[in-house]
Amino acid sequence: MNYFQLFGLSEKFTLDNTKLLEVYQTLQKAVHPDRFANGTNQEKLIAVQKSAMINDAYQTLKNPLKRAGYMLKLRGTEMPNEQTSFSDNAFLMRQMELREMLAEVKFADDIDAAVFEINQTLDSEFSLLFKALQIKLTECNSAADKLAVEDLRKLKFYQKLHVELDRLEDLLFDD
Amino acid sequence: MALLQIAEPGQSTVPHEHRLAAGIDLGTTNSLVASVKSGEAQTLNDDAGNDILPSVVSYQEGEILVGEQAKKFAISDAENTIVSAKRLIGRSLKDIQSKYPSLPYSFSGDENHPEIQTRQGLINPVQVSAEILKNLNARAEQALGGELTGVVITVPAHFDDAQRQSTKDAAKIAGLNVLRLLNEPTAAAVAYGLDSGQEGIIAIFDLGGGTFDISILRLNRGVFEVLATGGDSALGGDDFDVVLVDHIIEQANLTRPLSNAMERQLSQQACIAKEQLSQNNQVEVNLTIDDKAWSMSLSKETFNGLIGSLVNKTLRACRRTLKDAEITVDDVIEVVMVGGSTRVPLVRSEVEKHFNKLPLTSIDPDKVVAVGAAIQADILAGNKPDSEMLLLDVIPLSLGLETMGGLVEKVIDRNTTIPVAKAQEFTTFKDGQTAMAIHVLQGERELVDDCRSLARFELRGIPPMTAGAAHIRVTFKVDADGLLEVSAMEKSTGVESKIEVKPSFGLDDKKITQMIIDSMTNAKEDIQARMVKEQQVEASRVIESIQAALVDDAALLSKDEIIVIEEAISSLAKIALTDVADDIESAIEILNDSTATFAERRMDSSIRTALSGQSVDEV
């Protein structure tokens, strides 16, 4: 049973978050270990397993990038591992530029404004790519899926940059 | 029939009868026990009518004192009187000495298992906590009129694995059945949530004596979902006292080192002054220095100046946690104040400013955690089978493994909902490598040295292969108590080696058994009798629960399958009448194993039932 089936959802990329949360809560109410605090060891063991699986399923379906990766995997198109080199040179150049921008932030005259600007840049480039991914995923053929995997890999670069920006913000504004 | 004979007084083999359960707030400064009585959760009093038990244990000649009685020795016999043991459990000696350099105790034992030298011998901080738990358990049994089925014990949300494990060990030594370790802020949310039936995002600001937690929860359809939690395991009201003591020392022209008695006198007076400043703008601090009376006046302004940076630290944690939860201050509909230190006016006003709303304080901040724990205990004990309430908590700190170059690779990120299971694959880096060292860490930093080391173990017996050919799968499992179990196996050749680890800071089973025996000789009880009784209680509990399951779901089993289970039940019922603990334990094991398939089918069936209630959006 895959995660979509487990949640009684059809295998579509766009899904209703409210509905997802509702099913998640209903499932956890049925299997959470708290329901078996008085049960046998076997019941407790299985409750932990099922509850952990439902948590993982929920996180996978809720997060759009995880959901995309999971759908592609179900369709038989696996993500190449992180070491596999990128062929898109323009993209790589852009990433290096963005990294430089990040490194420059702390020297900016107005740090607040610099952070705001890079945040906007990251967000707009992310949503462009994300829309492209969404369209490819609806095509449901292996050629489109292969291209979708490339988009997904690129989106993960942006996700990493975002994490680094967050960390930078913590450093700059906390002390 | 035989089954009834193994029931203990106060226990019952009849399903759905009220089971006695309690919630315990095992605090740094004070501890409480609460229980649901006639539908209402309330704290339980001791003989003197107090519900608050100071978390102080004093090791006197021939007796162990707990609470107020122990507190009397805090100054005169500081070396043998342990206060704030919660700050010490699950920590290394190095940790303790760097964080609390002026403790009056003399430590021994090894680096990872520090013990305190008292006149009753070496005492592990876990044993100190066990004494407090025993005292509260006795109080609850007296108040409720019977033995407890189980307890829920609260811990700070940011407690790491070693601290949680140590708390559970303390309960084991005290002879308690732990239904769940519950995070303190979540307990507070339960106490408030059931009152108001509110839906939306709430923030719990929990500043206790020695710890600070901030948790962001979403309340929806009876589900308390923790979105993120943060805090500081070494920040609390005690730290307000510490900066105030430093200030007093300066004003009184004293120089350290001071005697243990003087240090205790200073911190007691500082604490009194702090508490008075919640009501007054100016107070007198009185000391006896070299038998002479000395006093100074202290204004609220001066005090606020002293603690300002500590309060700011809590607000920084709030900001970070809101960000982790991916929400903004405006999304928060309610802020709940928990812990005695939230009585400090500066804390209240700063929190109000930060969240831009008046914090909730309607339930006594000292009692709210115990009350919430009692509500959860009542449900877990099975007294409310129709309850819709469910708590979904998270792990407070990321879990990871050491990789090449002293770096940490995260396996489970902080704020992941528990229970959770995650696996990561690694490979060998040398030809013919047959063993691999696995080092488990907890924390957010990238370097091994900056994280908490939880456990080290070696996976041996990997078949010799070329470098990179082995597939070593390391699995992390965190249960609903937030406790971690790590296992590793090599799977490419079908050869499986599996090791389960216990944290390096925890106590091994042998040591725990020894501590139980030690505590027995004090109470003049018999360890054998206790173990037999524990197994008998467990046997009747297991039988009861399987019989109830058979009544509900026998349809999921074939006739033959039912016969196998019923035979295991009657053979356990027979063995449970004997007095050999090991035999009963193995009969329980056999019965448990015989129900594996049954349990799995029941779980799947309840998933199907739950889903059928939902409108499934099929294409």
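Computed over Cα pairs, the Kirkwood radius of chain B leads via Stokes-Einstein (0.890 mPa s, 25 °C) to a diffusion coefficient of 93 µm² per second.
Based on Cα atoms of the range A:89-173, Rg over Rh with Rh as the Kirkwood radius reads 1.08. Remark: the range A:89-173 carries a charge dipole of roughly 580 debye about the Cα centre, counting +1 on each Lys and Arg Cβ and -1 on each Asp and Glu Cβ. When B:Asp413, B:Asp241 are compared by accessible area of protein heavy atoms, the largest-first order is B:Asp413, B:Asp241, using a 1.4 Å probe.
Ordered by solvent-accessible area of protein heavy atoms (1.4 Å probe), largest first, the residues A:Cys140, B:Cys451 come out as A:Cys140, B:Cys451.
Burial annotation for the range B:407-436: residues with an accessible-area loss of at least 30 Å² between the isolated chain and the complete set of protein chains, computed on heavy atoms with a 1.4 Å probe, are B:Thr417, B:Pro419. Magnitude of the charge dipole for the range A:3-62, about its Cα centre and with charges confined to Cβ atoms of Lys, Arg (+1) and Asp, Glu (-1), is about 40 debye. Charge dipole (Cα centre; +1 on Lys/Arg Cβ, -1 on Asp/Glu Cβ; no other charges) of the protein assembly as shown amounts to roughly 740 debye. In the range A:89-173, a dipole from Cβ-located charges (positive for Lys and Arg, negative for Asp and Glu) runs towards its positive end, and of A:Ile111, A:Met96, A:Ile135 it is A:Ile135 whose Cα lies farthest in that direction. Note on the range A:89-173: with neighbouring protein chains present and a 1.4 Å probe, carbon and sulfur make up 60 percent of its accessible heavy-atom surface.
Accessible area per residue for the range A:33-124 is 55 Å², calculated with a 1.4 Å probe on protein heavy atoms, without ligands, DNA or RNA. Each label point was placed 7 Å from the Cα along the Cα-to-Cβ direction; for B:Gln198 and A:Val163 their separation is 3.4 nm. Among rounded, prolate and oblate, which fits the range B:403-453 when a ≥ b ≥ c are the square roots of the eigenvalues of its C-alpha gyration tensor, a/c under 1.5 means rounded, and a/b larger than b/c means prolate? Oblate shape, in that a/c is at least 1.5 and b/c is the bigger or equal ratio. Pairs from the list B:Lys134/B:Lys274; A:Lys50/A:Lys73; B:Lys134/B:Lys574; B:Lys94/B:Lys172; A:Lys73/A:Lys156; A:Lys106/B:Lys313 with a Cα-Cα gap above 28 Å: B:Lys134/B:Lys274; B:Lys134/B:Lys574.
Translational diffusion of the protein assembly as shown was estimated from the Stokes-Einstein equation, with Rh taken as the Kirkwood radius over Cα pairs; at 20 °C and 1.002 mPa s the coefficient is 74 µm²/s. Annotation: A:Lys73 carries an accessible surface of approximately 120 Å², with a 1.4 Å probe and no ligand, DNA or RNA atoms counted. For chain B, the longest principal axis of the Cα atoms and the long axis of helix B:161-173 meet at an angle of about 80 degrees.
Each residue was assigned an accessible area with a 1.4 Å probe, and for B:Ser606 the value is about 30 Å². The listed residues A:Asp170, B:Asp508, once ranked by accessible area (1.4 Å probe) with the largest placed first, stand as B:Asp508, A:Asp170.
Taking every C-alpha pair closer than 8 Å and separated by at least 6 residues, the mean separation divided by the residue count of the range A:3-62 gives a relative contact order of 37 percent.
In chain B, the longest principal axis of the Cα atoms and the axis of helix B:509-523 are about 60 degrees apart. Measuring nothing but how far apart in sequence close Cα pairs (under 8 Å, 6+ apart) lie, relative to its length, chain B scores a relative contact order of 14 percent. Around B:Ala555, under 14 Å between beta carbons, what's the net of Lys plus Arg minus Asp minus Glu among the other residues? Net local charge, B:Ala555 excluded: 0. Both chains summed, the buried accessible area for A and B stands near 4300 Å², from protein heavy atoms and a 1.4 Å probe. At an R0 of 56 angstrom, the distance between the Cβ atoms of B:Glu63 and A:Ala143 translates into a FRET efficiency of 0.10. Based on protein heavy atoms only, chain B ends up with 43 Å² per residue of surface accessible to a 1.4 Å probe.
Of the trypsin sites (Lys or Arg not before Pro) found in the range B:150-239, the ones in coil according to DSSP and having at most 15 other Cβ atoms within 10 Å of their Cβ are B:Arg221. Would you mind counting up the charge near B:Gly468? Only other residues with Cβ under 14 Å from its Cβ, with Lys and Arg at +1 and Asp and Glu at -1. The answer is -2. Charge tally around B:Glu284: other residues with Cβ under 15 Å, Lys/Arg +1 each, Asp/Glu -1 each, net +1. Accessible surface of the range A:3-62, 1.4 Å probe: 51 percent of it comes from carbon and sulfur atoms.
Note that the range B:198-203 has calculated 3J(HN,Hα) couplings of 6, 10, x, 8, 10, 10 Hz, one per residue in order, obtained from phi through the Karplus relation 6.51 cos²θ - 1.76 cosθ + 1.60 (θ = phi - 60°); glycine and proline are x.
When the solvent-accessible area of the range B:38-117 is split by element, carbon and sulfur atoms take up 45 percent of it, the probe being 1.4 Å.
The values are calculated or read from the model by the stated rules, or taken from the named source; none is laboratory data. Only a predicted model underlies this, so the values are computations on that prediction, with no experimental measurement involved. Note: ideal-geometry Cβ built from the backbone for every residue, glycine included; neighbour counts use all protein chains shown. We work out accessible area using only protein heavy atoms, side chains counted, and drop any ligands, DNA or RNA first. Shrake-Rupley method; radii C 1.70, N 1.55, O 1.52, S 1.80 Å.
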